Amino acid sequence: NYIAVSDLANLINLKIEKLTKDLTKMGFANVTHNYILSREYVELVLMNYNYELGKQALVVTPDNVYDELRSAVNPKNLSRRPPIVTIMGHVDHGKTTILDYLRKTSIVSEEHGGITQHIGAFQVETPVSKRKITFLDTPGHAAFLKMRERGANITDIIVLVVSLEDSIMPQTIEALKHAAKSGSQMIVAITKIDRISNTKERDRAIEKVTIDLMNNEVPIEKMGGDVQVVPISARTGENMNLLEESIIALSDVMDLKAERSNKAVAEGFVIESEVKKSVGNVSTVLVTKGILLKGSILICGNTYCKVRSMSNEQGASVLLADPSTPVEITGWKHMPAAGDEVLQVSSESIAKKYVAKKLAVLQMAKEAKNVDRINEQRAMEALAKAEREQHNEEPEEHEEPEPNTGPEKVNFIVKADVSGSVEAIVESISSLGNEEVQCNVLSASAGIPNESDMKLARLTDSKLLCFNLGSLPYDVINNKDKIEVEQYNVIYKLIEGVTETLRSRLKPIY
Ligand code: GDP
């Protein structure tokens, strides 16, 4: 729970000299490289930097620790990339059959004469336009749900399959809802058209599915919308070319581009990962930006990787992976989680540093949550007790009043700018006091004191400690209940203030 200034500087990518200077400015005395900071101060220092660096109240969270590693997009490096496609639809409507057909007939697989392995995604080359399409074959995977929760959507186009025989079913509607929310474009494939050999009957059945789609507010092309409808059979292959070319046409309209340059920091997502007996931790990474090379250093979640090998879905080794390309890579220290983002860094030591930083931030976030929870509980209890006392309601009948032998408790309510400082303050002052008088934090939270804070303060005779809140509202400072409000901007001054309050309550010694 303690860290030397030099280590902290390292952790937050700052020159030690700058950090020591800033610490001195913040009110720390005699700061040297070996100066030891306790965790609550570290939290505070971290916050300070984010204010400074981001020029706005940007707080480091486990989700954004790595953000500063990304490179800004350079429009010069942008080039066309293959669309990333997911197939969705009701069970048994033909998703697997379509993927199998594409894998088998893809020119990419013919070249290698191999059978496509399941690595979570694969690419095909379209028969006519000779363009690439990347298909994801794990759309229902938990990883994708996790990504969606974070607002990351790597799917450009959803192919919604609807069986000619069943038309729209419950999972079709689910898929439609998902498509609308995800921001992906959609193409409808009416599948299993080989089931009806009579052309007239078949056309009638296709017409019925089309009407059902319209009734479900799918803006199909025929009605002036932009959703293409392609009747196909994955069994006979009929119109499969057309489906592939429709995907390409749509991707051109979407103008899909990414930085295809090793000047851009490579980014991607883990779409699958597993332990393989002979090679260890293996994951499929779908590149979204930059170029991955063998030997690249990647960080992901709480782990990192020096890419030892890269191979495609045919199991053939590849030298580079550019945007929209899925590759299976080895070399991970620990197993990365599917759905997590991958970022390239320039060296192994930077990777280690950032992973350590992420772990530290995760730990802090966990503790902050705990403190919030405990404080909330404490405040509720204190409020209930105070209200009981005010109404003269005895909680239990005939309770013997306990002889008051413990220390006198001085009540405080803490309000600060952000939860990080709340936590730091509570940790610093909770233990203040001695056997005669003790600090008792009844409630602690972020924000300007509100009505319930004032009520609690009045009922419990608490002092209100405000930290970094700027100018407070008039009715807080000049409250009619004579609640004492103290304002601080430096944490050690606050600690001194509380210590002084406690000292003033000590019985004088004659
Ligand atoms: P999923 O649950 O959506 O992945 O559906 P599947 O691809 O497993 O297909 C369900 C059943 O429909 C299987 O028995 C397939 O062989 C069959 N099927 C899928 N597509 C076609 C098609 O185009 N024509 C015919 N006749 N059968 C199909």
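The values are calculated or read from the model by the stated rules, or taken from the named source; none is laboratory data. Fair warning: this is a prediction, and the values are worked out from it, not measured in the lab. Positions of Cβ are backbone-derived with ideal geometry, glycine not excepted, and every protein chain shown enters the neighbour counts. We work out accessible area using only protein heavy atoms, side chains counted, and drop any ligands, DNA or RNA first. Shrake-Rupley method; radii C 1.70, N 1.55, O 1.52, S 1.80 Å.
The set of residues in the stretch 36-73 being modelled with pLDDT of 70 or more, assigned to a loop (DSSP other than H, G, I, E, B) and open to solvent by less than 60 Å² (accessible area, probe 1.4 Å) consists of THR61, PRO62, ASN64, VAL65, TYR66, SER71. State yes or no: is GLU272 part of a loop (DSSP other than H, G, I, E, B), of a type outside the set (Phe, Trp, Tyr) and either touching a strand residue (DSSP E or B) at 6+ places or on another chain (Cβ under 8 Å) or under 29 Å from ASP63 (Cα atoms) (or both)? Spelling it out, it is not the case that GLU272 is part of a loop (DSSP other than H, G, I, E, B), of a type outside the set (Phe, Trp, Tyr) and either touching a strand residue (DSSP E or B) at 6+ places or on another chain (Cβ under 8 Å) or under 29 Å from ASP63 (Cα atoms) (or both). Can you confirm whether ALA234 is of a type outside the set (Asp, Glu) and within 11 Å of the ligand (Cβ to nearest atom)? So ALA234 fits the description; yes.
Pairs meeting the criteria (first residue in the stretch 217-237 and within 13 Å of ILE98 (Cα to Cα), second residue within 16 Å of the ligand (Cβ to nearest atom) and acidic (Asp, Glu), beta carbons under 8 Å, at least 6 apart or on different chains) are ILE232/GLU238; SER233/ASP194; ALA234/ASP100; ARG235/ASP194; THR236/ASP194. From the residues in the stretch 79-94 that are more than 16 Å from the ligand (Cβ to nearest atom) and open to solvent by less than 70 Å² (accessible area, probe 1.4 Å), which one is nearest to the chain's Cα centre (by Cα)? Step by step, filter the stretch 79-94, then rank; the result is ILE84. Return the residues of the stretch 163-195 that are farther than 16 Å from ASN216 by Cβ, more than 15 Å from the ligand (Cβ to nearest atom) and β-branched (Val, Ile, Thr); say none if nothing qualifies. If the condition is that a residue be farther than 16 Å from ASN216 by Cβ, more than 15 Å from the ligand (Cβ to nearest atom) and β-branched (Val, Ile, Thr), then no residue fits. Looking across the stretch 184-209, the residues that are open to solvent by 10 Å² or more (accessible area, probe 1.4 Å) and part of a helix (DSSP H, G or I) come down to ASP194, ARG195, THR199, LYS200, GLU201, ARG202, ASP203, ARG204, ALA205, ILE206, GLU207, LYS208. Scanning the stretch 96-112 for residues that are within 16 Å of the ligand (Cβ to nearest atom) and either among the aliphatic types (A, V, I, L, M) or modelled with pLDDT of 90 or more (or both) yields a total of 7. In the set (1) touching a helix residue (DSSP H, G or I) at 6+ places or on another chain (Cβ under 9 Å); (2) assigned to a helix (DSSP H, G or I); (3) over 24 Å from SER38 (Cα atoms), SER504 fails one condition alone, (1).
Of the residues making up the stretch 419-454, those that are surrounded by fewer than 20 Cβ atoms within 10 Å (Cβ to Cβ) and part of a loop (DSSP other than H, G, I, E, B) are SER430, SER431, LEU432, ASN434, GLU435, GLU436, GLY447, ILE448, ASN450.
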